[in-house]
Amino acid sequence: MAEALRQARKGFYSAHPNPRVGCVIVRDDSMLGAGWHEFTGGPHAEVNAIAAAGDTAGTDFYVTLEPCSHYGRTPPCVDAVIAAEPARVIVAMQDPNPEISGRGIERLRDSGIEVIVGVLQAEARDLNPGFIKRMERRLPFVSIKMALSLDGRSALANGVSKWITGEPARRDVQFLRARCSAILSSAQTVLADNPSLNLRLSNRDLGQARELRHPVRVLVDSKLRLSGDEELFSTQGEIWIYTCSTDAVSKAGLIDRGARVIEMEADDKGRVPLPAMLQDMAQRGINEVHTECGAGLAGALIERQLADQIVLYQAPFLLGDKARGGFELGELTAMEQRVTCRIYDTRQLGKDLRLTMNLNQD
């Protein structure tokens, strides 16, 4: 199963919006074939593994996700597995889609194939956090990226923030962009920094042969302050703008620049309702959201318990108490109000430190 997981990781940057899945076919402890799901519309991992293995009668299939049992862009792979006549199918985890979960396993067992479920299940879930959350909760997995000084400052008092971190850390962010479905930012950040929010890696950097998949750039622009002349409108990739504005002229101008403008009813503060926005993104197939935004949007996502993870790049210098903070959380008056994080990975990148943390919001 560890090898099947390794196969699945080959689709880390290209499988979206489908899950990353790997399959290994074994006979007498010898691997006959392996496969992985590379791109939406392409053959699934089991089909690729069967093609590589040849004779599969009486073999063991190790697959990281329950074989699909429904027609999508390709036929159900459970049919291909049954036709391959394995003796056993070992599944890391069931399909998280509650409408079809367990049906593929049931069909295998009804065909007389032994099925074992739950081998390296935690590792398999870690491989697809966005797909799983979208299936189970109808929301994408939200990861907040933030670069801070040692004393927790994101920019000088005048707004200057280039560059808090060094080149190794900034290059590492490109891989976070490459794995996500969407890069989320705000009109405020775009107007202040004029970022491109595009992917600046090559196929070789990502270790894949397929054409690069550019994440959707999603912007929260409640009042449609963007003009369409900003830098990101001249770079590759889709742009979605969520707004509460009904200004038809501004909307038409942005659409002419290639953006998709999505109108939503304002919340009680006259802003785009973040929970409804994320639900809409999930319905449009967004699994993983990577944020590159300021303290306001980052804090709002955390306060509303919409963020799952923080990736914090910390630089070894001080900016002082007059510099801007990283997260607007309002005034906390008791320690019980603090936001608790669980650090599960630390890494040195040049002179900077990367901390990856899960948000404990249970």
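Observations on the structure shown:
- Strands (runs of 3 or more DSSP E) within the stretch 299-362 that include 2 or more residues surrounded by fewer than 17 Cβ atoms within 10 Å (Cβ to Cβ) and not polar (S, T, N, Q): 340-349
- Selection of the stretch 19-28 for residues being surrounded by fewer than 24 Cβ atoms within 10 Å (Cβ to Cβ) and either touching a helix residue (DSSP H, G or I) at 6+ places or on another chain (Cβ under 7 Å) or within 14 Å of E46 (Cβ to Cβ) (or both) yields only V26.
Results for (1) in contact with a Lys or Arg (Cβ under 8 Å, 6 or more places away or on another chain); (2) modelled with pLDDT of 90 or more; (3) surrounded by fewer than 22 Cβ atoms within 10 Å (Cβ to Cβ); (4) of a type in the set (F, W, Y), shown as yes or no for each residue.
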site	(1), (2), (3), (4)
E167	no, yes, yes, no
R170	no, yes, yes, no
L176	yes, yes, yes, no
R179	no, yes, yes, no
I183	yes, yes, no, no
L191	yes, yes, yes, no
S196	no, yes, yes, no
R200	no, yes, yes, no
D205	no, yes, yes, no
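- Criterion applied to A8, A2, A15 was being out of contact with any strand residue (DSSP E or B) (no Cβ under 7 Å at 6 or more places or on another chain), at pLDDT 95 or above and under 25 Å from L176 (Cα atoms), and the one residue passing it is A2.
- Single condition E114 does not satisfy, out of (1) modelled with pLDDT under 95; (2) surrounded by fewer than 19 Cβ atoms within 10 Å (Cβ to Cβ): (1)
- Counted residues, the stretch 1-41 - those being in contact with a Lys or Arg (Cβ under 8 Å, 6 or more places away or on another chain) and either hydroxyl-bearing (S, T, Y) or assigned by TED's automatic domain parsing to the domain that holds E288 (or both): 3
The rows are residues; the columns are (1) within 30 Å of K133 (Cβ to Cβ); (2) in contact with a Cys (Cβ under 9 Å, 6 or more places away or on another chain).
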residue	(1), (2)
L184	yes, yes
D193	yes, no
L201	yes, no
R204	no, no
R225	no, no
I241	yes, no
D247	no, no
G253	no, no
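Matching residues to (1) buried (at least 24 other Cβ atoms within 10 Å of the Cβ); (2) farther than 23 Å from F131 by Cα:
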| residue | (1), (2) |
| --- | --- |
| R6 | no, no |
| I50 | yes, yes |
| Y62 | yes, no |
| H70 | no, no |
| M93 | no, no |
| E106 | no, no |
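- Filtering G207, G270, G285, G258 for residues that are on the phi > 0 side of the Ramachandran plot and under 16 Å from the mean Cα position of the chain (by Cα) leaves a single hit, G285.
- Odd one out for G152 among (1) under 28 Å from G11 (Cα atoms); (2) surrounded by fewer than 22 Cβ atoms within 10 Å (Cβ to Cβ); (3) touching a residue at least 60 places away in the same chain (Cβ under 8 Å): (1)
- In the condition set (1) closer than 18 Å to I144 by Cα; (2) at pLDDT 95 or above, A295 is compliant with all but (2).
- Single residue of the stretch 130-174 satisfying the filter (polar (S, T, N, Q) and more than 20 Å from L319 (Cβ to Cβ)) that is nearest to the chain's Cα centre (by Cα): S143
- Being of a type in the set (A, V, I, L, M, F, W, C) and either outside the structural domain of Y71 (by TED's automatic domain parsing) or assigned to a loop (DSSP other than H, G, I, E, B) (or both) holds for only one residue in A157, A122, and it is A157.
The values are calculated or read from the model by the stated rules, or taken from the named source; none is laboratory data. These numbers were taken from a predicted model, which means no experiment stands behind them. Because the Cβ atoms are built from the backbone with ideal geometry, glycine has one as well, and the counts that use them run over all protein chains shown.
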